[in-house]
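Chemist: Just passing along the structure, written as structure tokens.
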Amino acid sequence: MNKRVFINTVGCQMNVLDSEMVIADLKRHGYTVVDSAKQADCVLFNTCSIRENAEEKVYSNLGKLKRAKEQHPGKMIGVIGCMAQKDQETVFRRAPFVDLVVGPGQLHTIPELLEKIDRGEGRQMAVSLSRTDGSQLKIARSHETFDPLRDPSMRPTPFQAYLRIQIGCDKFCTYCVVPNTRGPEQGRPPEQILSEARILADQGCREITLLGQTVNSYRYKQDDRQTDLASLLESLHEIDGIDRIKFVTNYPKDMTERLLTTVRDLPKCSPYLHVPVQSGSDEVLKRMKRGYTVADYMEMFERIERILPEASVSSDFIVGFCGETEEDFQKSVGLIERCRFKNSFIFQYSVRPGTTAAKRLEDDVPREVKIRRNNELLEVQDRLAKEDNLKMVGDVVEVLVEGPSKKTLRETSDHAEGRELKGDGHDLVQMIGRTHCDRIVVFDGNRRQAGQFLKIQVDDASCHTLVGRVQTVDVVSIGLPSLT
Ligand code: SAH
Ligand code: SF4
Ligand code: F3S
């Protein structure tokens, strides 16, 4: 079979990784990847359910394919990922021309199901059991991790990769769909993780980011031995070729002294910790069932400051959660001011069907108030981040160069006379890189620097970005003839 597939991915890093895996699998089954739905025989939407607008966007994008499907009935349309698991038959009801619905725990079934559809066997669905659909073991087994061969061509860059160490979540925060869509928390066996990391290193990957919804809760039990994230980091650190190791997302209560000292003692581990707090008010945290108080979070934060004073910390906040008063909200502002996060992702609360909050709490903060609080919190976050970034002006930072910046890509796209394609890699363009502590740095460079570690002198900064120039080597002092 030689079919063309197009995949559209939204949602978190886990979804980006799932799409990489699905495409690698489909390629092995004879598919080629195309970059528009129009050219494709098979269009897949890898979806997210975290907020309502993420889902509405998918349904609206699906709607746009209705005519194409009428004109080309053979075009297969699939909805995969978290929304597929959550909505199941509802996807077929809302978009009757969809052929395939596959949850994130059943991704391995996609090639076979597409073949069935192609043979005329009608629409197909593969989803995992819901959290109340049977024994713990049966439910866990129906949510399978999907980590077949890696496909560097599908990654944002070939030298950076996500590596799954854990699936699912057992925290059941009252607002969140993830424990339902991704199923029970399950750690992957350390041998599998290590062998995948070695494959990635052989493929030229220099930075890996370990993924899990609560990645620092990672545990794997084998006979009487238990592996946690700290010991996994120690083993990964031994792999030649891998120079940087990051991990996201952390759960505040599992940020142990042992994990932090491990990060401190292993130079390849990035001093960057994403540890979402969600709110600065104890009452709100309690209704969210986050399992910690503001004092607990601050204790953890101070542990980070003590053990890893150079670390950058980032967070997530939800504004306008059920019952959030102005006073509660001001406590979130106060917490941002105290912690001075490198960055924060701020979200307006969105009711998710099936969650405890949807069943038991009233979504009583008006939309305008949510928007205002969102803007206000973002304003404080950005102001402080800019102040902190400006303090780095004059410093020299080391970056892993990721590639041309968005600006460069915009200016040199095919529409701009294909300059990007003509360039020989030496043309001066704006490049982008990241520091060990995950700060974005833009600088003038050339495309051949992608994948290299470079020292950049910081000249300026905004709230999200450092601006700098490649630190030039003093050619005279190292005794080389001058190039000019
Ligand atoms: N596992 C991660 C977060 C995964 S979801 C953690 O626990 O930190 C990413 C972020 O989306 C969450 O941190 C939260 O801030 C936000 N989020 C989750 N559910 C939401 C909802 N119903 N409405 C608005 N934001 C939500
Ligand atoms: Fe959702 Fe909470 Fe689990 Fe994060 S820890 S995925 S917010 S339930
Ligand atoms: Fe969205 Fe599922 Fe990730 S709901 S945030 S794609 S785990």
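The values are calculated or read from the model by the stated rules, or taken from the named source; none is laboratory data. Computed from a predicted model, the values in this text were never measured in an experiment. Positions of Cβ are generated from backbone atoms using ideal geometry, with glycine treated the same way; all protein chains shown enter the neighbour counts. To get the accessible areas, we keep the full protein, side chains included, count just its heavy atoms, and leave off ligands, DNA and RNA. Shrake-Rupley method; radii C 1.70, N 1.55, O 1.52, S 1.80 Å.
Chemist: Could you pull out the residue among Ser344, Ser279 that is within 16 Å of ligand 1 (Cβ to nearest atom), in contact with a strand residue (DSSP E or B) (Cβ under 8 Å, 6 or more places away or on another chain), at pLDDT 95 or above and over 19 Å from Lys171 (Cα atoms)? If you could, list the steps in order and put the result at the bottom.
Modeler: Values: Ser279 fails: over 19 Å from Lys171 (Cα atoms).
Going through Ser344, Ser279 in turn, just one is within 16 Å of ligand 1 (Cβ to nearest atom), in contact with a strand residue (DSSP E or B) (Cβ under 8 Å, 6 or more places away or on another chain), at pLDDT 95 or above and over 19 Å from Lys171 (Cα atoms): Ser344.
Chemist: Continuing with the same structure: For the condition within 16 Å of ligand 2 (Cβ to nearest atom) and not β-branched (Val, Ile, Thr), what is the one hit in Lys359, Lys331?
Modeler: Details: Lys331 fails: within 16 Å of ligand 2 (Cβ to nearest atom).
Sole residue among the options that is within 16 Å of ligand 2 (Cβ to nearest atom) and not β-branched (Val, Ile, Thr): Lys359.
Chemist: Let me ask something else about it. Looking at Gly183, is it open to solvent by less than 10 Å² (accessible area, probe 1.4 Å), of a type in the set (Gly, Ala, Ser) and within 16 Å of ligand 1 (Cβ to nearest atom)?
Modeler: Details: open to solvent by less than 10 Å² (accessible area, probe 1.4 Å): yes; of a type in the set (Gly, Ala, Ser): yes; within 16 Å of ligand 1 (Cβ to nearest atom): yes.
Considered against the rule, which asks whether it is open to solvent by less than 10 Å² (accessible area, probe 1.4 Å), of a type in the set (Gly, Ala, Ser) and within 16 Å of ligand 1 (Cβ to nearest atom), Gly183 comes out as yes.
Chemist: Additional query: I'd like to know if the range 108-116 contains one or more residues that are over 14 Å from Val22 (Cβ atoms) and either open to solvent by less than 60 Å² (accessible area, probe 1.4 Å) or more than 16 Å from ligand 2 (Cβ to nearest atom) (or both). Before the answer, list the steps.
Modeler: First, the residues of the range 108-116 that are over 14 Å from Val22 (Cβ atoms): 115-116.
This time we only want the ones that are either open to solvent by less than 60 Å² (accessible area, probe 1.4 Å) or more than 16 Å from ligand 2 (Cβ to nearest atom) (or both), so: 115-116.
Yes, because at least one residue in the range 108-116 is over 14 Å from Val22 (Cβ atoms) and either open to solvent by less than 60 Å² (accessible area, probe 1.4 Å) or more than 16 Å from ligand 2 (Cβ to nearest atom) (or both).
Chemist: Return yes when Leu260 is open to solvent by less than 30 Å² (accessible area, probe 1.4 Å), outside any loop (DSSP other than H, G, I, E, B), within 13 Å of ligand 1 (Cβ to nearest atom) and not β-branched (Val, Ile, Thr) and no when it is not. Spell out the reasoning first.
Modeler: Working: open to solvent by less than 30 Å² (accessible area, probe 1.4 Å): yes; outside any loop (DSSP other than H, G, I, E, B): yes; within 13 Å of ligand 1 (Cβ to nearest atom): no; not β-branched (Val, Ile, Thr): yes.
So Leu260 fails the test.
Chemist: Tell me, please, whether a residue that is in contact with a Cys (Cβ under 8 Å, 6 or more places away or on another chain) and closer than 30 Å to Val284 by Cα can be found in the range 221-231. Lay out the reasoning, then the answer.
Modeler: Applying the first criterion (in contact with a Cys (Cβ under 8 Å, 6 or more places away or on another chain)) to the range 221-231 yields none.
Scanning the range 221-231, I find no residue that is in contact with a Cys (Cβ under 8 Å, 6 or more places away or on another chain) and closer than 30 Å to Val284 by Cα, so the answer is no.
Chemist: On to the next question. Name the residues in the range 87-139 that are on the phi > 0 side of the Ramachandran plot and in contact with a strand residue (DSSP E or B) (Cβ under 7 Å, 6 or more places away or on another chain), would you?
Modeler: We begin by selecting, within the range 87-139, every residue on the phi > 0 side of the Ramachandran plot; these are 88, 120, 122, 134.
Selection gives Gln88 alone.
Chemist: May I pose another question? Looking at Ala84, Ala95, Ala68, Ala37, which is the one that is over 29 Å from Gly168 (Cα atoms) and buried (at least 17 other Cβ atoms within 10 Å of the Cβ)?
Modeler: On the way: Ala84 fails: over 29 Å from Gly168 (Cα atoms); Ala95 fails: over 29 Å from Gly168 (Cα atoms); Ala68 fails: buried (at least 17 other Cβ atoms within 10 Å of the Cβ).
Sole residue among the options that is over 29 Å from Gly168 (Cα atoms) and buried (at least 17 other Cβ atoms within 10 Å of the Cβ): Ala37.
Chemist: Of the conditions (1) free of Cβ contacts under 8 Å to residues at least 24 places away in the same chain; (2) within 16 Å of ligand 3 (Cβ to nearest atom), Cys176 fails just one. Which one is it?
Modeler: Of everything listed in (1) free of Cβ contacts under 8 Å to residues at least 24 places away in the same chain; (2) within 16 Å of ligand 3 (Cβ to nearest atom), Cys176 misses just condition (1).
Chemist: Among the candidates Val22, Val16, single out the residue that is part of a helix (DSSP H, G or I), under 22 Å from the mean Cα position of the chain (by Cα) and surrounded by 22 or more Cβ atoms within 10 Å (Cβ to Cβ).
Modeler: Val22
Residue-by-condition table, conditions (1) within 20 Å of Asn216 (Cα to Cα); (2) open to solvent by 10 Å² or more (accessible area, probe 1.4 Å):
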| residue | (1), (2) |
| --- | --- |
| Ser153 | no, yes |
| Tyr162 | yes, yes |
| Gln166 | yes, no |
| Cys173 | yes, yes |
| Leu194 | yes, yes |
| Asp202 | no, yes |
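Chemist: Could you list, in sequence order, all residues of the range 131-181 that are of a type in the set (A, V, I, L, M) and farther than 13 Å from Val16 by Cα? Quick ask: steps written out before the conclusion?
Modeler: The first filter runs over the range 131-181 and keeps only residues of a type in the set (A, V, I, L, M), leaving 137, 139-140, 149, 154, 161, 163, 165, 167, 177-178.
Selection gives Leu137, Ile139, Ala140, Leu149, Ile165, Ile167, Val177, Val178.
Chemist: Scan the range 277-307 residue by residue and report those that are open to solvent by 10 Å² or more (accessible area, probe 1.4 Å), more than 26 Å from Met392 (Cα to Cα) and in a helix (DSSP H, G or I).
Modeler: Answer for the range 277-307, where residues must be open to solvent by 10 Å² or more (accessible area, probe 1.4 Å), more than 26 Å from Met392 (Cα to Cα) and in a helix (DSSP H, G or I): Asp282, Glu283, Lys286, Arg287, Val294, Ala295, Asp296, Glu299.
Chemist: So which pairs qualify, if the first residue must be in the range 347-373 and on the phi > 0 side of the Ramachandran plot and in the same structural domain as Tyr175 (by TED's automatic domain parsing), the second must be open to solvent by 40 Å² or more (accessible area, probe 1.4 Å) and assigned to a loop (DSSP other than H, G, I, E, B), the Cβ gap must be under 9 Å, and the two must be at least 6 apart or on different chains?
Modeler: As it stands, the answer is Gly354/Ser130, since those pairs meet every condition given.
Chemist: Right, something else. Tell me which residues, restricted to the range 125-164, are of a type in the set (Gly, Ala, Ser), assigned to a strand (DSSP E or B) and not assigned by TED's automatic domain parsing to the domain that holds Leu211. Even if it seems obvious, please write down each step before you answer.
Modeler: At the first step, the residues of the range 125-164 found to be of a type in the set (Gly, Ala, Ser) are 126, 128, 130, 134-135, 140, 142, 153, 161.
The next check asks that each one be assigned to a strand (DSSP E or B); those that pass are 126, 161.
Across the range 125-164, the qualifying residue is only Ala126.
Chemist: Out of the residues in the range 333-349 that are open to solvent by 40 Å² or more (accessible area, probe 1.4 Å) and farther than 21 Å from Ser49 by Cβ, which is nearest to the chain's Cα centre (by Cα)? Working first, answer last.
Modeler: Within the range 333-349, the subset open to solvent by 40 Å² or more (accessible area, probe 1.4 Å) is 337-338, 340, 345, 347-348.
Subset that is farther than 21 Å from Ser49 by Cβ: 337-338, 340.
Working: Glu337: 25, Arg338: 26, Arg340: 22 Å.
Filtering first and then ranking leaves Arg340.
Chemist: Need pairs with beta-carbon distance below 6 Å; first residue under 21 Å from Asp18 (Cβ atoms) and within the range 34-59, second open to solvent by 30 Å² or more (accessible area, probe 1.4 Å) and within 16 Å of ligand 2 (Cβ to nearest atom); sequence gap 6+ or separate chains.
Modeler: Cys48/Gly11; Ser49/Lys86
Chemist: Out of curiosity, is Thr174 within 16 Å of ligand 1 (Cβ to nearest atom) and either hydrophobic (A, V, I, L, M, F, W, C) or assigned to a loop (DSSP other than H, G, I, E, B) (or both)? Before you say what the answer is, go through the steps one by one.
Modeler: Values: within 16 Å of ligand 1 (Cβ to nearest atom): yes; either hydrophobic (A, V, I, L, M, F, W, C) or assigned to a loop (DSSP other than H, G, I, E, B) (or both): yes.
It is true that Thr174 is within 16 Å of ligand 1 (Cβ to nearest atom) and either hydrophobic (A, V, I, L, M, F, W, C) or assigned to a loop (DSSP other than H, G, I, E, B) (or both).
Chemist: Looking at Leu210 and the list (1) part of a helix (DSSP H, G or I); (2) within 16 Å of ligand 3 (Cβ to nearest atom), which single condition is not satisfied?
Modeler: (1)
Chemist: Would you check if Asp224 is surrounded by 15 or more Cβ atoms within 10 Å (Cβ to Cβ) and charged (D, E, K, R)?
Modeler: Numbers: surrounded by 15 or more Cβ atoms within 10 Å (Cβ to Cβ): no; charged (D, E, K, R): yes.
Answer is no for this residue.
Chemist: Next question. Filter the range 350-387 down to residues that are closer than 22 Å to Gly433 by Cα, under 25 Å from the mean Cα position of the chain (by Cα) and surrounded by fewer than 16 Cβ atoms within 10 Å (Cβ to Cβ), then give me how many there are.
Modeler: Here the count works out to 2.
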